[in-house]
1. Give the residues of the stretch 50-105 that are over 24 Å from the mean Cα position of the chain (by Cα) and aromatic (Phe, Trp, Tyr), sorted by residue number.
2. Pick from Lys65, Lys86: which is assigned by TED's automatic domain parsing to the domain that holds Glu31 and surrounded by 15 or more Cβ atoms within 10 Å (Cβ to Cβ)?
3. Tell me, please, whether a residue that is farther than 28 Å from Thr59 by Cβ, at pLDDT below 95 and in contact with a Phe, Trp or Tyr (Cβ under 8 Å, 6 or more places away or on another chain) can be found in the stretch 159-173.
4. Among the residues that make up the stretch 44-54, is at least one of them farther than 17 Å from Gly140 by Cβ, of a type in the set (Asp, Glu) and not assigned by TED's automatic domain parsing to the domain that holds Tyr183?
5. Provide a single number: the residues in the stretch 144-157 that are closer than 16 Å to Gly215 by Cα, outside any strand (DSSP E or B) and touching a Pro at 6+ places or on another chain (Cβ under 9 Å).
6. Report, ordered by the first and then the second residue, all pairs with beta carbons closer than 6 Å, sequence separation of six or more or different chains, a first member in the stretch 34-47 that is of a type in the set (Ser, Thr, Tyr), and a second member that is assigned to a strand (DSSP E or B) and crowded, with 17+ Cβ neighbours inside 10 Å.
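The values are calculated or read from the model by the stated rules, or taken from the named source; none is laboratory data. A quick note: this is a predicted structure, and the numbers were derived from the prediction, not measured. Note that each Cβ is placed from the backbone with ideal geometry, even for glycine, and that neighbours are counted across all protein chains shown.
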Amino acid sequence: MGLGVMSLFASCSEREFDLDPNGNNSGEQKEQGSLVLNLNATTNFEETRSLNEADYRNTQYYDVKVVNAANDNVILECKAYELATKLPKTVDIGSYRVEASYGNEHDASRSEFYMFGSEVVTVKAKEEKPVTVNCTPTCGKISVAFDAEMATYYDEYNVSFTGTKKLGSKSISWSKTDSEPWYVALDKDGEDISYTISLTTKEAYLPKGASGNTGTATGTFTLERNKAHKLTIRPNYTPTTDGGMKLTISIDDSTNDHNVTWEVPVTWI
């Protein structure tokens, strides 16, 4: 969903006269123009119980900043809802970077994520220049669904995720009773993320000669910004003399309506 709720107007074209060191009019005219700004916020995530994602699509509480691109001077900084009292505002001709953001970025979080958008625009003399800033999440969303049949074969099972730059050597986990997703910070072009499924197998389904009842299954997939990926995990057991436990894993990329399914063997520790 996307929601654009705020239009920001700088004043109509004006001319200012530069002053000399004594404060007198130098006679030189500084040409100016105006900006018109629209904010849009879009997320492709579904709603969750612990986090109201609709708040991220309401741009009135976004932080807005207008920066002179030539010298990085901030000429305007406020909340979006304050703009009505701060404008109109004249701007000199030149290039400006308009930024808008909401929330805070975390390596991974279940309670908050970061929305950001930036656009550079050049304002000419006597021109009313429109600029639209599109804000999107800097994260991808991960969730896991364990098939009910997992409880038939395993006493315990969980998934850990690693591999993104922000996580570094850290990991995040999903237990068999979890229900709320993870929002994982990512590079602009997305990143590969690795998962490890840890299992404690019931004795009746242990492979022949197993020295313990724990096992793992691993894999990697690409996680992208503003996309939700759900792993659905179910057991695939075929009785054999040496044990025949595998897992069938489906990754649903809901934004592209595309499913990837494969089988992975359980490796016994």
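1. Tyr96
2. Checking each option against the conditions leaves just Lys65.
3. The initial filter retains those residues of the stretch 159-173 that are farther than 28 Å from Thr59 by Cβ, namely 159-163, 165, 167-173.
Now narrow it down to the ones that are at pLDDT below 95: none.
Looking through the stretch 159-173, none of the residues is farther than 28 Å from Thr59 by Cβ, at pLDDT below 95 and in contact with a Phe, Trp or Tyr (Cβ under 8 Å, 6 or more places away or on another chain).
4. Scanning the stretch 44-54 turns up no residue that is farther than 17 Å from Gly140 by Cβ, of a type in the set (Asp, Glu) and not assigned by TED's automatic domain parsing to the domain that holds Tyr183.
5. Looking only at that region, the number is 3.
6. If the second residue must be assigned to a strand (DSSP E or B) and crowded, with 17+ Cβ neighbours inside 10 Å, the pairs left are Thr42/Thr136; Thr43/Pro137.
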